[in-house]
1. Which one of the conditions (1) at pLDDT 90 or above; (2) part of a loop (DSSP other than H, G, I, E, B) does residue 6 fail to meet, given that it meets all the rest?
Amino acid sequence: MKNKNVNVNSYDRTHDITPEEVRRFERFKNYTDEQVNELIDTIKKYTRFIYNVVSKRKKFGKKIALHIDNQQTKSA
C-alpha cells in the first residue's frame with residue numbers, strides 16, 4: 001500500500017485530499033467543515049471535468065468545439 005503522506009501537489013496521489021490537508025493552506029485554515037467539504041467536492045468535479053475533456057480530445061482528435069451552432073473549433 002502506498003504511503004498516504006504524499007505531497008498535496010503530487011501527481012502520485014491515490015486518495016482524495018483530506019480536510020486536514022486543505023486546512024494546511026493559509027487561505028483555508030479558518031474554513032468551516034462545510035466549506036472544506038464544498039471545496040473538496042468542487043475540486044473533484046473540476047478534475048473529473050478536465051479528465052473528460054482531455055480524454056475526449058485524445059479520442060476524437062486535437063480540436064474541441066467551442067460553439068455547437070456554428071462549429072467553431074480551436075486547437076487545444
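The values are calculated or read from the model by the stated rules, or taken from the named source; none is laboratory data. Note that the coordinates shown come from a computational prediction; the quantities given were computed from them, not determined experimentally.
1. (1)
For (1) at pLDDT below 65; (2) in a loop (DSSP other than H, G, I, E, B), each residue gets a yes or a no:
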| residue | (1), (2) |
| --- | --- |
| 20 | no, no |
| 30 | no, yes |
| 37 | no, no |
| 51 | no, no |
| 58 | no, no |
| 70 | yes, yes |
| 73 | yes, no |
